[in-house]
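Worksheet: one structure, shown below.
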Amino acid sequence: MNVVLLVDGYNIIGAWPKLKTLKNIDFHAAREQLIRDMAEYQSFKGWKVVIVFDAHLSPGVEKKSKQSRVEVIYTREKETADERIEKLVSHYMNVKTNVYVATSDLTEQWTIFTQGALRMSARELITEISQINRQISTKVKETNMAKQRTQIALPADIQDYFEKLRRGK
């Protein structure tokens, strides 16, 4: 079963304390951090992730790009992220694909429910990302510990002696 996660970018930034704080200092940095976090999420979960940002903060023509394998869409002028997400739900929705929408906008949640998509609140997404980051940290520590156990610290002169033996000198 394929899974697609559609993320209402500015809604998540506004609901996530660390991104909300960063947004007040550097709006662009907050968007970039969300994209990096969602790229890690995508890699860990194996889901396709699409982040949609409203055009009102990036006026002009619609822009699409891939950043760290995450699809990023800036809607065209006078199109909201909600409208684009609803179109994307229709586009991705089929028997072989589960579509989740990450937003805390209650009206949007009801709209996507009627189309058959599942909702993930901003809080649920943030909690899941935190859990994934802890799992990744634990895995890295375990891997580093396993590497350390396979190596025995030897003085340099003994290492040289073994290296000469290994090379047949």
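Only the coordinates and a few stated rules stand behind these numbers; no lab work does. The model shown is predicted, which means the values in this text are computed figures rather than measured ones. Backbone-built Cβ (ideal geometry, glycine too); neighbour counts: all protein chains shown.
Structure data summary
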item	result
Within a Gaussian network of the chain (alpha carbon springs, distance under 10 Å), most fluctuating of 49, 99, 140	140
Chain lengthening between residue 114 and residue 32 when straightened (0.36 nm per residue, less Cα-Cα)	26.4 nm
Cα centre as origin, Lys/Arg/Asp/Glu Cβ charges: the chain dipole, Debye	920 debye
DSSP-defined antiparallel bridges as percent of all bridges, the chain, nearest 5	25 percent
Base-10 log of normalised Debye intensity for the stretch 1-60 (one unit scatterer per alpha-carbon) at q = 0.25, 0.28 Å⁻¹	-1.05, -1.19
Of every Cα-Cα pair in the stretch 92-156, the percent that sits beyond 16 Å	65 percent
Neighbourhood net charge (15 Å Cβ-Cβ; Lys/Arg +1, Asp/Glu -1) for residue 93	+4
Charge tally in the Cβ shell below 13 Å around residue 2, where Lys, Arg are +1 and Asp, Glu are -1, residue 2 excluded	+3
Principal axis box of the stretch 2-167, alpha-carbon based, largest edge first, Å	73, 41, 28
Listed residue (98, 140, 70) projecting farthest to the positive dipole end of the stretch 69-169, Cβ model	140
